[in-house]
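Asks: Mind having a look at this structure? Questions to follow.
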There are 2 protein chains.
Amino acid sequence: MNHGQPGLKENADDLTIRFLPFSISLKVKPGTTLLEAVRGAQLPLKTTCGGKGTCGDCIVKILRGASKKKSSAALPDQLASQGYALACQTEITESLTIELPEFEELAVKDFAASRFIEENKDNLSGVYELDAMVKSVELLLPSPTLEDNSGDLKRIKRELHKKLVPKNLECAYSVLKKLACSIRESKGRIKLVLFEGGETRTIVDVWPAQKKRMVCGIACDVGTSTVVLHLVDLENGKILSTASSYNHQIKGGEDVISRINYAQKPGRLEELQDLVVLTVNNLIRKAARSAHAALSDIYFASFAGNTTMTHLFLNLEPRFIREEPYVPTINDVPIGFSRELGLKMNKEAKFFCAPLVGSYVGGDITAGILSTPMLRMSEKISLFIDIGTNGELVAGNKEWLITCACSAGPAFEGGGIKSGMPASEGAIEKVRIKEDGTIDYRVIGDGKPRGLCGSGLVDLLAELFVHGQIDRYGKFKGKKASGRLLETEQGLGFLVEKGDQTFWGKDLVITERDISKLIRTKGAVFSAISLLLKNVGLSYDQIDGLYIGGGFGQNLDVENAVRIGLLPDLRRDKYHYLGNSSLLGAYLILLSRKNMDLVAEIAEKMTYIELNAEPGYMNEYTGSLFLPHTDIDLFPSVKQVFHKK
Amino acid sequence: MNHGQPGLKENADDLTIRFLPFSISLKVKPGTTLLEAVRGAQLPLKTTCGGKGTCGDCIVKILRGASKKKSSAALPDQLASQGYALACQTEITESLTIELPEFEELAVKDFAASRFIEENKDNLSGVYELDAMVKSVELLLPSPTLEDNSGDLKRIKRELHKKLVPKNLECAYSVLKKLACSIRESKGRIKLVLFEGGETRTIVDVWPAQKKRMVCGIACDVGTSTVVLHLVDLENGKILSTASSYNHQIKGGEDVISRINYAQKPGRLEELQDLVVLTVNNLIRKAARSAHAALSDIYFASFAGNTTMTHLFLNLEPRFIREEPYVPTINDVPIGFSRELGLKMNKEAKFFCAPLVGSYVGGDITAGILSTPMLRMSEKISLFIDIGTNGELVAGNKEWLITCACSAGPAFEGGGIKSGMPASEGAIEKVRIKEDGTIDYRVIGDGKPRGLCGSGLVDLLAELFVHGQIDRYGKFKGKKASGRLLETEQGLGFLVEKGDQTFWGKDLVITERDISKLIRTKGAVFSAISLLLKNVGLSYDQIDGLYIGGGFGQNLDVENAVRIGLLPDLRRDKYHYLGNSSLLGAYLILLSRKNMDLVAEIAEKMTYIELNAEPGYMNEYTGSLFLPHTDIDLFPSVKQVFHKK
């Protein structure tokens, strides 16, 4: 008799909670709170007050089903009327479908990367040339006769060789099947999609030329925190649409080490792969929809991700990446069929992943370098900095490339910061504190602010520092903040915007704890820059160009980045903000086969330096944990600002 | 109310009949006979008496279920006790699983083809060289260190290039997944299976070298009537086992035109492909079992089939093969993944199909030519004759090749002949009529005879002719046959063996109708030979070697083949009987990549001549419908035999 025992077995009266956008369901007993259900499904959901209904962090959207709400004090009426609820204050009374807003797709209007291309087409001329691996060509086959009745494929080959460099011709099996009918239906006027391998050309699709169809590709940055992609028209190189979202793998932890650990239990590696493929597929679908393209119009995908992300994306055991001597399974990733990864594209579509240098410098960096002129300037030395959840640096020129990595943390992508968020709709991307203490800011998409993205956080930190609201240790200076300083669950905080002016109805606040995280992140990046240059015996002056990539947002205010000591104090015209350089590189790879070779050359050339093994490491790092640095002479322009005051 | 209406709808009391080896089931009403059920399922089953229970042709084997037998008079007790039954005399009373003996796997002990190789290794030296597309190699990878921590794949590449010519290296996705663990489990001592493409080498499997596994391939002749394959050890070229069976496509008709017509209804093309793939898969399984190999040990398959068979095998629309101007979809068949066809082999396995010259000369012929020295003799002219359900001829040397086809019919493969059967266990392969009128014969496998295969039929026809039992029109000469001449349902017949001495308990008889079919077949072949030579202005004397392929059996008695006028009357040392030359060619292709190029060259070189369009065709053909020919001077050696008498 099972009666009376707390439900060890599933009961008929168990309720099902479906969590979107995941394909995860959970059975729960009536009376369970939604917060408990989310925890039960091992999905992440912020809560600061621990379920008391006061912080208003654990907002979810109920898409289907009714429930019993306890208190909604911390939830604005407007949100409640749209179906939002506080998970900790919602008791489950029937089966529900809910969506976690954290995992809503990120609405991204425009990208620094594509703007960078437009602005730098001339500089980038070497890489910005349309010669994609996937080509389309229209043919008119002469009618066969009794005297010339070669097979269809042979007749295609003959015509093809009149238009293109002759090559060994292969044909996908799925194309062979429709070849005969396509040719006869179109009276010989067909369109072919070709996959141009080195020595071999493969026909991957055919249709009557009278029918109009697109030939597209995907360029995608698979980040630890966020995934962003462009849908590209491969016939002219145009970016048709862009989509981005959090990487659903966040379930397995926020950084690569957590993900590798998470993958160690049986079935977990497959789960992580499913989650990132789900993320990418959702974005592909969204990008295709907004460009009126079909999934079957997409024939190629170019991915760039760090070494762990690339391994997890390919379902490869990531364990040895973090075990000495840190050997990944692959450096160069063989081109494969998209369907083998479960990607929803044309069934003959293939994918390319940017090559990996080693366990801690991956395809996001090799692709990133491709987007800089570094490899095309003979002796001028450039420095490339990519600030993501991990920070990676590359210095070098056409002859040599040296690289290192540092654990920056996701702070500048909005991760782990109370009011932080990625650079998408609703993010404050620019902040100014005016003399009268009021705050000006700009919101992506111009609506009510939902949080602060990287560039906003850099601005805020610099402004607080310059306006004397915080000291060089990042601590608030007494009560100077004229009513903006307040006590939060996470300690002292500075009010950026009041709840009645924000999208979620919550105060936007930066806490001392947030500031401390931001300083640790910028410190890690800056000390890595110092050490890398020291290692190759270069001074800051010898850097001719500094290329900055990362998820800060559209505009990174370089002045402010220098003021907080994130970037070295160089002549301002040496700075180039690339935005998402990994995505930019993936896009360039998609555009041209030459760039595939170039990115392989980049990976081959790079020498990796293990910073932790460098003698001065701890010294450098500790010195960087100040605003801007213990050694203010390293930042003459900042010194001057304070001198003036 | 449905009651009382004859069952238009399926009833709960319908019985299910499963037909093996097909994956076909049929619902029938109790009381239906098995013969009706077989017809209902559109499966072929011989019956001569039309269901009266007298001919004993419609034998089936009941594997599961009981039934009600009417008369078993025409069925030997011994067979009845083994579960055999006459379909027309069996009433269905419960659900049954039955097997059609026609579709039992053919038991083949040995093959002329492999013997031909052994005997001709020196002649064939150019093609008999082991350099398969699939290679295995053992590597010992040095342990990685902090200084040398390249990825696993990169380290493999480095070691591989010490052993093999450096090439672009790819790696199957399924291999990448197990690479890291295989290397670590084996302490770096791994075995790799490589697929050697032109410019690219692909790793298709990996395992710890301590584990012993085979690396095998399949060579397969996909014939219209029968399918035969060798399982080959790719590490030494040895044939490990051989299996053969009827092509299950026989359901769609006995010749290629019937199959093409059959495929025209929706779903039928897929059905035909399923049937041939089922046939091949059954044989692969059988061959693997008998060689103690796993299906996953098989990495490559080389197929040879005529143009229609190749199209149906690949699921390609065959319609245009028989519509003017007779254009197939393909000539050269791109190498593809076996899994795309549904073949049960290693999941990374690939397949190759011998190239097709045109709609009526296919891969069985190009592969067949590869097994002759035709392309390796500079000026000597050879003639190659392949007698299958279609007959194909090729004449030529290193410089030129000319080919034609004729509709021979399946008679010499045992098709459409009352006591005919393929050259497998139980077939009479050799016949002598002694002076006293008794008959000597040899049975494949030495058991009781089940029927006559091609070589036995050639012998029988020649012996009947030479001994005056039949005239030059193929008609029996009165009652001369000393008690062996009898009346059958199909007219006058000659008793080869009495039912009490045969496996099926039925008289083995050759009828006048059979003889007429055999004469039409040999006539078609001979007239094609005449016309082809006439077309290129060659006389019989100019032929230096005559290579005969086909499903006759182990030994074709060339003397008898000349006596019936199937083959021209040349010096006997010019004849070479190859046996299944299509299989032999497929085997040579499997052994060496050079042969792949060679067979492509053969296909490229061949000029096809349409015989039906030749002026003298009908004359030639009519002249050949005699034993040996209207013009006896064409056959001096036969003339001499009769002259002596």
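Asks: Can you tell me the alpha carbon radius of gyration of the stretch B:46-89 divided by the globular rule-of-thumb value 2.2 N^0.38 Å?
Replies: 1.04
Asks: For the stretch B:364-515, what is the Kirkwood estimate of the hydrodynamic radius, computed as the reciprocal of the mean inverse distance between distinct Cα atoms, to one decimal in Å?
Replies: After inverting the pairwise mean of 1/r, the radius is 17.1 Å.
Asks: Semi-axes of the equivalent ellipsoid of the stretch B:344-393: what are they in whole Å, largest first, if each equals the square root of 5 times a C-alpha gyration tensor eigenvalue? Working shown, then result.
Replies: Values: eigenvalues 138, 48, 17 Å².
Here the semi-axes work out to 26, 15, 9 Å.
Asks: Starting with the highest mean, order B:495-501, B:132-138, A:312-318, B:162-168 by the number of other Cβ atoms within 10 Å, averaged over the residues of each peptide.
Replies: Peptide ranking by packing, descending: A:312-318, B:132-138, B:495-501, B:162-168.
Asks: Leaving out ligands, DNA and RNA, calculate the buried accessible area for the pair B and A with a 1.4 Å probe, summed over both sides, in Å² to the nearest 100.
Replies: Details: alone 26660 and 26720 Å², together 49720 Å².
So the total buried area for this chain pair works out to about 3700 Å².
Asks: Over all directions, average the projected area of the Cα convex hull of the stretch A:124-234 and note it in nm².
Replies: Mean orientational projected area (the stretch A:124-234, Cα hull): 9.4 nm².
Asks: Taking a 19 Å limit on the Cα-Cα distance, which of the listed pairs A:LYS534/B:LYS154; B:LYS418/B:LYS448; B:LYS29/B:LYS70; A:LYS178/B:LYS347 fall beyond it?
Replies: Beyond 19 Å: A:LYS534/B:LYS154; A:LYS178/B:LYS347.
Asks: I would also like to ask the following. How much accessible area per residue does the stretch A:420-467 have, counting only protein heavy atoms and a probe of 1.4 Å, in square angstrom?
Replies: 32 Å²
Asks: Now for a separate question. State, as an integer percentage, the relative contact order of chain B based on alpha-carbon contacts under 8 Å between residues 6 or more apart.
Replies: 12 percent
Asks: A further question follows. Which of the residues in the stretch B:170-192 show a loss of at least 30 Å² in accessible area from their chain by itself to the complete set of protein chains, at a probe of 1.4 Å?
Replies: When all protein chains are present, B:GLU170, B:TYR173, B:LEU176, B:LYS177, B:ALA180, B:CYS181, B:ARG184 each give up 30 Å² or more of accessible surface.
Asks: How big is D for the stretch A:169-220, in µm² s⁻¹ as a whole number, if Stokes-Einstein is applied with the Kirkwood radius of its Cα pairs at 25 °C and 0.890 mPa s? Before the final figure, lay out the partial values.
Replies: Working: Rh = 11.8 Å.
This corresponds to a translational diffusion coefficient of 207 µm²/s.
Asks: Can you give the Rg to Rh ratio of the stretch A:261-336, both from alpha-carbon atoms, with Rh computed by the Kirkwood formula?
Replies: 1.06
Asks: From the helices alone, meaning DSSP H stretches of at least four residues, give me the mean residue ellipticity at 222 nm for chain B, per-run term -39500 (n - 2.57), in deg cm²/dmol to the nearest 500.
Replies: Taking each H run of at least 4 residues, the total per residue is -8000 deg cm²/dmol.
Asks: Taking the label point 7 Å from Cα in the Cβ direction, how far apart in nm is B:THR93 from each other copy of itself, listed shortest first?
Replies: Its label point is 6.5 nm from the equivalent points in the other copies.
Asks: Ok, one more. Stick to the Cα atoms of the stretch B:18-84, pair each with every other, and give me the Kirkwood hydrodynamic radius in Å at one decimal.
Replies: 12.9 Å
Asks: Mind putting together the pair-distance distribution for the stretch B:187-256? All Cα pairs, 5 Å bins, whole percent per bin, short to long.
Replies: Histogramming the stretch B:187-256 at 5 Å steps yields 4, 13, 15, 15, 15, 12, 11, 8, 4, 2, 1, 0 percent.
Asks: Taking the C-alpha atoms of the protein assembly as shown, how large are the radius of gyration and the largest Cα-Cα span, Dmax, in Å?
Replies: Cα-based Rg and Dmax for the protein assembly as shown come out at 39.1, 134 Å.
Asks: Taking a temperature of 10 °C and a viscosity of 1.306 mPa s, what whole-number D in µm²/s does Stokes-Einstein yield for the stretch A:221-314 with Rh from Kirkwood over alpha carbon pairs?
Replies: 115 µm²/s
Asks: Cα gyration tensor of the stretch A:577-621, axes a ≥ b ≥ c as square roots of the eigenvalues: rounded (a/c below 1.5), prolate (a/b > b/c) or oblate?
Replies: Cα axes put the stretch A:577-621 in the oblate bin.
Asks: So what's the gap between the Cα centers of the stretch A:311-351 and the stretch B:401-427, to the nearest angstrom?
Replies: 52 Å
Asks: If you consider only alpha-carbon coordinates, what radius of gyration and Dmax does chain A have, in Å?
Replies: My reading of the Cα-based Rg and Dmax gives 26.8, 96 Å.
Asks: What's the Kirkwood radius of the stretch B:432-524 in Å, using all Cα pairs?
Replies: 13.6 Å
Asks: Dividing the convex hull volume of the Cα atoms of the stretch A:304-374 by its residue count, what figure in Å³ per residue is obtained?
Replies: Residue-normalised Cα hull volume stands at 85 Å³.
Asks: Shifting gears a bit: State, to one decimal in nm², a quarter of the convex hull surface area for the C-alpha atoms of the stretch A:513-645, i.e. the direction-averaged projected area.
Replies: 10.0 nm²
Asks: Also, quick follow-up: May I ask you to work out the translational diffusion coefficient for the stretch A:322-430 at 20 °C, viscosity 1.002 mPa s, via Stokes-Einstein with Rh from the Kirkwood sum over Cα pairs, reported in whole µm²/s?
Replies: In µm²/s, the coefficient is 130.
Asks: In nm, one decimal, shortest first: how far is the label point of B:GLN42 (7 Å from Cα along Cα to beta carbon) from the matching points in the other copies?
Replies: The projected label point of B:GLN42 is separated from its counterparts by 5.1 nm.
Asks: On to the next question. Summarise the accessible area of the stretch A:581-645 (1.4 Å probe, protein heavy atoms) by the percent that is carbon and sulfur.
Replies: C and S fraction of accessible area: 57 percent.
Asks: Provide a whole-number value for the mean count of partner chain Cβ atoms within 10 Å of the Cβ atoms in peptide B:198-207. Intermediate results must be reported in sequence, preceding the final value.
Replies: Working: counts 4, 5, 5, 0, 1, 1, 0, 0, 0, 0.
For peptide B:198-207, the averaged partner shielding equals 2.
Asks: Any chance you could check the Cα centroid distance between the stretch B:136-214 and the stretch A:450-519 for me, in angstrom?
Replies: Each part reduced to its Cα centre gives a spacing of 54 Å.
Asks: Residue of B with Cβ nearest the axis relating B to A, plus distance in whole Å?
Replies: B:GLU199, 2
Asks: Ordered shortest first, which distances in nm separate the 7 Å Cα→C-beta label point of A:ARG339 from those of the other copies?
Replies: Once sorted, the set of distances for A:ARG339 reads 1.0 nm.
Asks: For the pairs A:LYS430/A:LYS522; B:LYS167/B:LYS344; A:LYS430/A:LYS639; A:LYS52/A:LYS506; B:LYS52/B:LYS477, note any where the Cα-Cα span goes beyond 27 Å.
Replies: In this structure, B:LYS167/B:LYS344; B:LYS52/B:LYS477 exceed 27 Å between Cα atoms.
Asks: Check the cysteines of chain B one by one and keep only those with no other cysteine Cβ under 4.7 Å from their own.
Replies: B:CYS58, B:CYS88, B:CYS171, B:CYS181, B:CYS216, B:CYS220, B:CYS353, B:CYS404, B:CYS406, B:CYS453
Asks: Along the three principal axes, how long is the stretch A:587-645 when you take its alpha carbons, biggest first, rounded to the nearest angstrom?
Replies: 54, 32, 14
The values are calculated or read from the model by the stated rules, or taken from the named source; none is laboratory data. Everything quoted here is computed from the prediction, not taken from an experiment. Neighbour counts run over all protein chains shown; Cβ positions are idealised from the backbone, glycine included. Accessible surface is based on the protein model in full, side chains and every heavy atom, while ligands, DNA and RNA are left aside. Shrake-Rupley method; radii C 1.70, N 1.55, O 1.52, S 1.80 Å.
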